[in-house]
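Take a look at the structure set out below.
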Amino acid sequence: MLARKYRPKQFSDIVGQLSVVKTLVNAIKLNRTHQAYVFSGSRGIGKTSIARIFSKALRCENVIEKNGLLYSCDQCSDCIEIAAGSSVNVMEIDGASNNGVDSVREIREGAKFLPSSGKYKIYIIDEVHMLSTAAFNALLKTLEEPPEHVVFIFATTESHKIPETILGRCQRFDFKRVTVAQITERMKEVLQSEKIQAEDAALNLISRSAEGSMRDALSILDQVISFSGMKINAQAVRESIGLIGTELILALVKNILLRDAKAALSVAQQAFNQGVDLKVLMKMVIEMIHALIMIQVGVEKPETHFNDDELMQISNLKDIRALEENELIFQVFHHGLDLLSRAAQPKLILDLIIVKTSLAEEIIRADKVADEMSEEGMLDVHAGPDRGAPRPPATPVKNLTSAVVDPVLEKVIAKPELVQTTEAAPAPQAREIFGGLAFGAKKQEITEITPVAPTIKSARPKTWEGFIEFCFEHKPVLAVVMESVVEWSIPLNAGDSLKLGFREKDQAKAEQLQQKAYRDQFTQAIEAHFGFKSPVEIFFSKNAGESMAEKTIRAQKEQRDEKMKNILSNHIVQEARSLFGVEVQIELSEKEK
Ligand SMILES: Nc1ncnc2c1ncn2[C@@H]1O[C@H](COP(=O)(O)OP(=O)(O)O)[C@@H](O)[C@H]1O
Ligand SMILES: [Mg+2]
Ligand SMILES: [Zn+2]
């Protein structure tokens, strides 16, 4: 097990978590350690490792200082026992299995006694959020008057479940996910000492699928090594962990953009035959279209998981469709993801989304349609196949190519009245909906249209929430950035500035917004919504939790997703039946039934 074997022994072995390490080291140097710490963050990013390293640095008598860091000797009995988890003065307690009040009382009693040697007695309580309320209350009593020799380290993946009263008495560290580059770097070190060779592309794939967890990366690496031995290549990584190659996603996206549904479907089929997880596939498609949009608006190096070579290939796709079309394709996939994860036969959903995005002449924003349909009483999830939208009798179609031009299918997402107008110039309704952007037009016409039509006027309330709603309608990519704002103040008059507070962890988003391409779009969106130009000020907010806006947006998004789900479940299910001659079932969760 590489993760175990390569557990960091010293602060200098820790990858990332720089500010945590610095603060802890300085506290020891200045003899100003706290009595209780909370280490919060996702799994496998160094919480337990740092708790042990910190304990060793507090207890080892031969600590030395080098390059600003502290090093324990790793030879004395303290160091050896702490590393093995068997020290009587450094207790590691699993909060999940010792979550009752009795366990905490036991800790309190024990804490009263001095350490058997040395200065500190340290309690590391893992998964501390699992403690019962009574247990937390008992713990609070100890934290109110802790014996001087005691240090508590509470590790948790869910800090929001810890009572404020406890948090208030601790110094808190939010551990960050490890970046792809950091994970790759560390894996290279590990592989070098294991004398195993690996292609860069292979390491990149592993780092990406570890989603920020160093432990996950190392256990995937384990798995790959046992699969392919002393030489690792990208293909082996894919085969051993069922990863999807970027080439495959590229082929899929390219065919969709080229409106070649048949080819796109066959790529999807190929992926399906390989046994890939369709949800992961959808996510990668979404990520790629996002990158494509970024490139289209002029961001040179978008913040993505794709490497330079892949970005090159993605950028080759940028002239196929207009920006707005790509944004809508992005939305359709994004909304479809939720539906796909609930579907009993996800492949059918994926196929229909592919068909829609590659062939529909009119891609209509689904919530817009849902609004109209529910106004017209057309949207009823519980409607049987014979109710709902009036439509021509559905004849089962075997041949996909003829199926997709079938006007019946057009209704899956398209607004009914628009169906008849696909040959001619865009219907006036379409122009209205998109504020002058003609989606029904032939391809050359589309590419001549400028990205944000200045004629767009926001009909949403002039609030922050309204602004985000507006962005969701017209600039979904901007809206995604806006979602992470935790504090704001909106301009009331011309000349006021729009102030946006980001959490430090969302720094990348804040920076994205400052890039020219984003900024220009943003300026236009502000003007369209508030009715005047307004300077933007970005600052870092100390507000760490979920803001009101996030909550509101989440609720709105859920509503929207719900609508999307309704419309897709209702219509796609029906169309899928006629298209494939099979029964599709959408599973609703208990709550929705
Ligand atoms: N920041 C890190 N730097 C180096 N290795 C790490 C880091 N985080 C995790 N690891 C690797 O993952 C393993 C588990 O880490 P651990 O500290 O137990 O994570 P956590 O307690 O956050 O779940 C370690 O043994 C080590 O191999
Ligand atoms: Mg841990
Ligand atoms: Zn030591």
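Structure summary
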read-out: Hits in the range 71-100 - residues which are of a type in the set (Ser, Thr, Tyr) and within 15 Å of ligand 2 (Cβ to nearest atom); value: Ser97
read-out: Sole exception among (1) modelled with pLDDT of 85 or more; (2) surrounded by fewer than 18 Cβ atoms within 10 Å (Cβ to Cβ) for Phe272, by number; value: (1)
read-out: Residue list for the range 84-127, restricted to those being part of a strand (DSSP E or B) and among the acidic types (Asp, Glu); value: Glu92, Asp94, Asp126
read-out: So Thr165, is it part of a helix (DSSP H, G or I) and open to solvent by 50 Å² or more (accessible area, probe 1.4 Å); value: yes
read-out: Top-ranked residue of the range 203-212 - restricted to ones that are buried (at least 19 other Cβ atoms within 10 Å of the Cβ) and within 14 Å of ligand 1 (Cβ to nearest atom), ranked as modelled with the lowest pLDDT; value: Ala210
read-out: Complete set of residues in the range 105-158 that are closer than 22 Å to Arg32 by Cα, among the small types (Gly, Ala, Ser) and open to solvent by less than 50 Å² (accessible area, probe 1.4 Å); value: Ala111, Ala155
read-out: Unmet requirement for Thr184, which otherwise passes all of (1) closer than 18 Å to Val101 by Cα; (2) polar (S, T, N, Q); (3) modelled with pLDDT of 95 or more; value: (1)
read-out: Exclusive hit being away from ligand 1 (no atom under 11 Å from the Cβ), open to solvent by 10 Å² or more (accessible area, probe 1.4 Å) and assigned to a helix (DSSP H, G or I), set Thr33, Thr48, Thr23; value: Thr23
read-out: Number of the exception - Ala181 against (1) farther than 19 Å from Ser42 by Cα; (2) surrounded by fewer than 19 Cβ atoms within 10 Å (Cβ to Cβ); (3) aliphatic (A, V, I, L, M); value: (1)
read-out: Qualifying residue in the range 513-524 (condition: under 19 Å from Glu465 (Cα atoms), out of contact with any helix residue (DSSP H, G or I) (no Cβ under 8 Å at 6 or more places or on another chain), without any contact (Cβ under 8 Å) to a residue 40 or more places away in the chain and open to solvent by 10 Å² or more (accessible area, probe 1.4 Å)); value: yes
read-out: Residue within the range 78-93 that is open to solvent by 20 Å² or more (accessible area, probe 1.4 Å), touching a Cys at 6+ places or on another chain (Cβ under 9 Å) and within 16 Å of ligand 3 (Cβ to nearest atom) present; value: yes
read-out: Some residue of the range 55-66 being in a helix (DSSP H, G or I), touching a residue at least 60 places away in the same chain (Cβ under 8 Å) and open to solvent by 20 Å² or more (accessible area, probe 1.4 Å); value: yes
read-out: Evaluation of Asp102 against (1) away from ligand 3 (no atom under 13 Å from the Cβ); (2) open to solvent by less than 60 Å² (accessible area, probe 1.4 Å) (one fails), failing number; value: (2)
read-out: Failed item in (1) under 19 Å from His305 (Cβ atoms); (2) β-branched (Val, Ile, Thr); (3) touching a residue at least 60 places away in the same chain (Cβ under 8 Å), with Val150 passing the rest; value: (1)
read-out: Some residue of the range 93-102 being within 19 Å of Tyr37 (Cα to Cα), under 38 Å from the mean Cα position of the chain (by Cα) and either at pLDDT 95 or above or of a type in the set (Asp, Glu) (or both); value: yes
read-out: Matching residues, the range 473-512, being in contact with a Lys or Arg (Cβ under 8 Å, 6 or more places away or on another chain), open to solvent by less than 20 Å² (accessible area, probe 1.4 Å) and in a loop (DSSP other than H, G, I, E, B); value: Ser484
read-out: Pairs with Cβ under 7 Å, 6+ apart, first in the range 78-107 and of a type in the set (S, T, N, Q), second open to solvent by 50 Å² or more (accessible area, probe 1.4 Å) and within 15 Å of ligand 2 (Cβ to nearest atom); value: Asn99/Met130
read-out: Options Asp174, Asp200; residue that is under 31 Å from the mean Cα position of the chain (by Cα), away from ligand 2 (no atom under 16 Å from the Cβ) and open to solvent by 70 Å² or more (accessible area, probe 1.4 Å); value: Asp200
read-out: The range 3-14 residues that are within 16 Å of ligand 3 (Cβ to nearest atom), paired with ones that are aromatic (Phe, Trp, Tyr) (beta carbon under 7 Å, 6 or more apart); value: Gln10/Tyr71
read-out: Index of the failed condition, His529 passing every other in (1) outside any loop (DSSP other than H, G, I, E, B); (2) modelled with pLDDT of 80 or more; (3) farther than 18 Å from Ala479 by Cβ; (4) open to solvent by less than 70 Å² (accessible area, probe 1.4 Å); value: (3)
read-out: Looking only at the range 457-472, and only at residues there that are open to solvent by 20 Å² or more (accessible area, probe 1.4 Å) and under 21 Å from the mean Cα position of the chain (by Cα), the one that is farthest from Ala322 (Cα to Cα); value: Glu469
read-out: Count - residues of the range 10-20 that are out of contact with any strand residue (DSSP E or B) (no Cβ under 9 Å at 6 or more places or on another chain) and more than 9 Å from ligand 1 (Cβ to nearest atom); value: 1
read-out: First in the range 288-305 and among the small types (Gly, Ala, Ser), second anywhere and in a loop (DSSP other than H, G, I, E, B), Cβ under 7 Å, 6 or more apart; value: Ala291/Pro302; Ala291/Thr304; Ala291/Phe306
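The values are calculated or read from the model by the stated rules, or taken from the named source; none is laboratory data. Small disclaimer: the values here were computed from a predicted structure and weren't measured. Here the Cβ is made from the backbone with ideal geometry for all residues, glycine too, and neighbour counts use every protein chain on show. Note: areas computed on protein heavy atoms with side chains; ligands, DNA, RNA excluded. Shrake-Rupley method; radii C 1.70, N 1.55, O 1.52, S 1.80 Å.
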